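Report on one structure; see the data block that follows.
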Amino acid sequence: YVLDKAVVDDAVIKNEHYIHHDHFIFDSTQSDKPICYFDPLNGTCVQKIEIAPDQIKTVLELCKKNSYSCLFEEERLIYANAISDELLEVLQDIKSAEPPVMDTDRALYNPVFMLIPVMNLEDSKELEKLVPGCQLVRWSDGLSFDLTKKGITKVSGIDAILKHYGFSLSECAAIGDGWNDVDMLKHCGLGIAMGNAKPECKSAADYICPHILHDGISDAIDYIINYNQNKK
């Protein structure tokens, strides 16, 4: 997401859905250029690629058959088909509030950009075979994973943002901690893994910052600023 009519030198863009966090803009005294976080609620979506309704219908049928919960992410809304203990555990992991339970028929008529089914590994492999137009990316040790249209990843999202601004990959840094961040860290000019990241994530990174609970994000941003200053 980007703000309309914005002229940007440096940007920090968080890849979570906008309802997961507060919207704010901040700057740093350590840099002679602004570092901005863009509020997607007031911004413009760079790329909208929805999951095909027939693929969503297949997911719905499997979830209904096995009584699985699933999150549905539209541009301005997240809702669930049902609330389960497993889903509540996932929400706690991503520090997200409990979503409303809504009639999932709306998913067949309103654009949905990502699904987060909560199911075991065996059934997720079955689902992957049933939705060839989508891809499943597991980002934790838990029961949840991201399901998007095939080819839509963090890498493709970064490429869309860079193209929009006219930036190059060498001007882009990424911070991650999960399995779904590995390709992104390899792709960007500077990849930073959190201290609590998966081993595969750390192996893909150029720098490993402290644990997220020990000011890891702050350290990562300081590292990026110093990295840029040392390149001048």
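The values are calculated or read from the model by the stated rules, or taken from the named source; none is laboratory data. All figures in this text were calculated on a predicted structure; none of them were measured in a lab. Every residue, glycine among them, receives a Cβ derived from its backbone with ideal geometry; neighbour counts consider all protein chains shown.
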Worksheet item: Given (1) outside the structural domain of ILE212 (by TED's automatic domain parsing); (2) crowded, with 18+ Cβ neighbours inside 10 Å, where does ILE175 come up short, assuming only one miss?
Response: (1)
Worksheet, complete the sentence: Of (1) within 21 Å of PHE167 (Cα to Cα); (2) surrounded by 14 or more Cβ atoms within 10 Å (Cβ to Cβ); (3) charged (D, E, K, R), LYS231 satisfies every one except (2)
Worksheet item: Out of the range 132-150, which residues are free of Cβ contacts under 8 Å to residues at least 40 places away in the same chain and surrounded by fewer than 19 Cβ atoms within 10 Å (Cβ to Cβ)?
Response: PRO132, GLN135, LEU136, ASP141, LYS150
Worksheet item: Any residue at all in the range 93-103 that is surrounded by 15 or more Cβ atoms within 10 Å (Cβ to Cβ) and either farther than 28 Å from ALA197 by Cα or among the aromatic types (Phe, Trp, Tyr) (or both)?
Response: no
Worksheet item: Within the range 188-216, can you find the residues that are touching a Leu at 6+ places or on another chain (Cβ under 7 Å), closer than 15 Å to VAL155 by Cα and surrounded by 15 or more Cβ atoms within 10 Å (Cβ to Cβ)?
Response: CYS188, GLY191, CYS201, ALA204, ALA205
Worksheet item: From the list ILE161, ILE208, ILE175, ILE192, which residue is touching a residue at least 40 places away in the same chain (Cβ under 8 Å), over 24 Å from LEU121 (Cβ atoms) and touching a helix residue (DSSP H, G or I) at 6+ places or on another chain (Cβ under 6 Å)?
Response: ILE175
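Is it true that LEU87 is more than 11 Å from VAL59 (Cβ to Cβ), surrounded by 15 or more Cβ atoms within 10 Å (Cβ to Cβ) and under 15 Å from the mean Cα position of the chain (by Cα)?
Numbers: more than 11 Å from VAL59 (Cβ to Cβ): yes; surrounded by 15 or more Cβ atoms within 10 Å (Cβ to Cβ): yes; under 15 Å from the mean Cα position of the chain (by Cα): no.
Here the answer is no, as LEU87 does not meet what is asked.
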Fill in: From ALA6, ALA11, residue being part of a strand (DSSP E or B), at pLDDT below 70 and within 30 Å of ALA220 (Cα to Cα)
ALA11
Item to complete: With respect to ILE208, determine if the residue is in contact with a Lys or Arg (Cβ under 7 Å, 6 or more places away or on another chain) and modelled with pLDDT of 90 or more.
Response: yes
